[in-house]
Amino acid sequence: MAAPLTILSLCCLLLSAAAADEAPASLRDTGLPAAGGRLIVVGFAPQYPLWSDGATKRRWLYLPPGTAIDASDPDAWVFPPGTKLWKEFAHGDPVETRLIERLADGSWRYVAYAWEDGEARLAPAAGLRGWPVAAAPGGRYDVPSQDDCRACHEGAAVPVLGLSALQLSPLRDSLAPHAELPGPGDLDLVGLVGRGLVVNLPTAALGARIDAASATSRAALGYLHANCGHCHNERSSVTDRPLVLAQGARTGAQRVLETLDGVPSEFRLPGAGLRLVPGNPDASVLIRRMRSRHPVAQMPPLGTRQADQAGLALLEAWVSLDPDYREVAHHD
Amino acid sequence: MTDSHPIGRCLVALALALMAAPAVADDEPGANELTVAMLKSVERGRYIVTTSGCNDCHTPFHDGPAGPEPDMSRMLSGHPESLSVSEAPTAPPAPWGMMATYTSTAWAGPWGVSFTANLTPDEDTGLGKWTFAEFRDTIRSGRHLGRGRLILPPMPIAMYKNFTDEDLEAIYRYLRTIPPVRNRVPDPLIPGEPLAD
């Protein structure tokens, strides 16, 4: 009898291992309290949110007990295996909740849960394109595919984009479009460090903020950092010539501007051949592609069906600024 | 007899390079197996590329003795930069919906104008700096470098995304062995927006 039992046990072990590799079918089983789960999580609110066609968002972090985020490199935080981050998208009611999880082998898993009848169920790996959601713009909503998740999240040094020293700095930018105030109990950078959830953060990073010459420049560069910087950064090769829109401890406004101002664009549009023409938003490919929602021209290339009018107004005002207030970066 | 075909020459050169590579010592177990596996992969990639229609659009066509044929002196180098296209042609009457240049490298349709990419390993204008992950993600996602603009028709992404990782790696390896051609291919044009000179 010993042999059959051993084989049976092995089969169970293999089956449970296979099950552990798969994301739960219900959001509740991921542990998120907002979906009925029982994990202890903390909320957070990045100061420069990603434009998501007007959806309101809530975000939560879970770290396994006794672990912490290593922030030795302020631009590339190291998250322990078992880390989970959820982001809920709502148009009135919740529509979708995304989960990024660091697995035991160090890899990251990206899944989405679609809300229907008060419960969020695992969406197909291919996503749900044009899902009917009455309150969403145009009555349609796109749940991203797992490839879409990777496209945005794996272009940066770390796939966690909204939880960083810059995004959670206590020095919040009051001009940032669509910024949501932290909710009750949400933690900023000081709170995360104080709770021991972020360790080894260089002291200077506690006051991290976007490098800029003026308040308008700061908000505009912060917007570019959050909405474009995950693909357009120092490590990315998505354009032939460097295009750096992300800021960090080693990358300031000067680097951003030198890859933008007067630099020929690889993408050609009538009357616009340079990435950014100071004083002329209409001749700036950056602005023209932000305005567009043609699937080939639009920027960002995925994750949005509507141009961000508030973001555009800010960027157009910034491009039109007197050069002294755009180009001479200083710290204040 | 000497193989005078450029692909054959490349494979011979690759074989010699791999056999001479100091990274794996001759007496190390598996060195020869690794070389053989690599060569098989490159050969598999050559087979896929030459039977799956890649040259039909990525190698410019020219006039041959029996009509248009791929100009193999510019093998897989994409739309020639010397052939300037600044706007889409007037759409033909229905049911016609697509047009192409005689080179078979610029295609116009409802999506605008697409230009076939330079697949040679040229560092500045081809796939020379692309990693395998970027190549694989482009085919899988249908987006430039896996995260940028859409890859447009007539590239059969909907079918090619079904290639196995092993086949995509074989294609990528083979494309590293072909002669580099310096040729900068323009980005696509979107419909209804001709370029100002």
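I'd like the residue in the range A:114-147 that is assigned to a helix (DSSP H, G or I) and more than 20 Å from the chain's Cα centre (by Cα) and, out of all such residues, is farthest from the other protein chains (Cβ to nearest Cβ). Can you show your working first?
Step one: of the range A:114-147, the residues assigned to a helix (DSSP H, G or I) are A:137-139, A:146-147.
The next check asks that each one be more than 20 Å from the chain's Cα centre (by Cα); those that pass are A:137-139.
Values: A:Pro137: 21, A:Gly138: 20, A:Gly139: 23 Å.
Selected residue: A:Gly139.
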(request) Would you be able to say whether some residue in the range B:41-58 is in contact with an Asp or Glu (Cβ under 8 Å, 6 or more places away or on another chain) and either closer than 30 Å to A:Arg289 by Cβ or within 14 Å of chain A (Cβ to nearest Cβ) (or both)? (result) no
(request) Could you check, for the range A:67-81, whether at least one of its residues is over 27 Å from A:Pro170 (Cβ atoms) and touching a residue at least 12 places away in the same chain (Cβ under 8 Å)? (result) yes
(request) Residue by residue through the range A:21-44, note down the ones that are hydrophobic (A, V, I, L, M, F, W, C), part of a loop (DSSP other than H, G, I, E, B), open to solvent by less than 20 Å² (accessible area, probe 1.4 Å) and touching a Gly at 6+ places or on another chain (Cβ under 8 Å). (result) A:Phe44
(message) Which condition from (1) open to solvent by 20 Å² or more (accessible area, probe 1.4 Å); (2) of a type in the set (A, V, I, L, M, F, W, C); (3) assigned to a loop (DSSP other than H, G, I, E, B) is the one that A:Val296 breaks?
(response) (1)
(request) Quickly run through the range A:45-98 and pick out the residues that are farther than 23 Å from A:Arg28 by Cβ and assigned to a strand (DSSP E or B). (result) A:Ile69, A:Asp70, A:Val78
(message) Considering only the range B:127-140, I want to know if a residue exists there that is closer than 20 Å to A:Thr239 by Cβ and away from every other protein chain (no Cβ under 14 Å).
(response) no
(request) Restricting attention to the range A:243-292, report how many residues are part of a strand (DSSP E or B), buried (at least 18 other Cβ atoms within 10 Å of the Cβ) and more than 14 Å from chain B (Cβ to nearest Cβ). (result) 2
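Here are some residues: B:Leu150, B:Leu189, B:Leu145. Which one is modelled with pLDDT under 95, open to solvent by 50 Å² or more (accessible area, probe 1.4 Å) and of a type in the set (A, V, I, L, M)?
Working: B:Leu189 fails: open to solvent by 50 Å² or more (accessible area, probe 1.4 Å); B:Leu145 fails: open to solvent by 50 Å² or more (accessible area, probe 1.4 Å).
It is B:Leu150.
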(message) Anything in the range B:143-185 that is of a type in the set (A, V, I, L, M) and out of contact with any Pro (no Cβ under 8 Å at 6 or more places or on another chain)? List them, or say none.
(response) B:Leu145, B:Ile151, B:Met155, B:Ile157, B:Ala158, B:Met159, B:Leu168, B:Ala170, B:Ile171, B:Val181, B:Val185
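Looking at the range B:51-73 only, could you name the residues that are part of a strand (DSSP E or B) and not charged (D, E, K, R)?
Here is the first cut: in the range B:51-73, the residues part of a strand (DSSP E or B) are B:61-64, B:67-70.
B:Phe61, B:His62, B:Gly64, B:Gly67, B:Pro68, B:Pro70 - these are the residues of the range B:51-73 that are part of a strand (DSSP E or B) and not charged (D, E, K, R).
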(request) Being open to solvent by 40 Å² or more (accessible area, probe 1.4 Å) and either more than 14 Å from A:Pro49 (Cα to Cα) or within 14 Å of chain B (Cβ to nearest Cβ) (or both) is the filter here, so list the residues in the range A:148-187 that pass it. (result) A:Asp148, A:Arg150, A:His153, A:Glu154, A:Ala157, A:Leu161, A:Pro170, A:Leu171, A:Pro184, A:Gly185, A:Asp186
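The values are calculated or read from the model by the stated rules, or taken from the named source; none is laboratory data. Keep in mind that this is a model prediction, so the values were computed, not measured. Cβ coordinates were reconstructed from backbone atoms using ideal geometry, including for glycine residues, and neighbour counts include every protein chain displayed. Heavy atoms of the whole protein, side chains included, go into the accessibility calculation; ligands, DNA and RNA do not. Shrake-Rupley method; radii C 1.70, N 1.55, O 1.52, S 1.80 Å.
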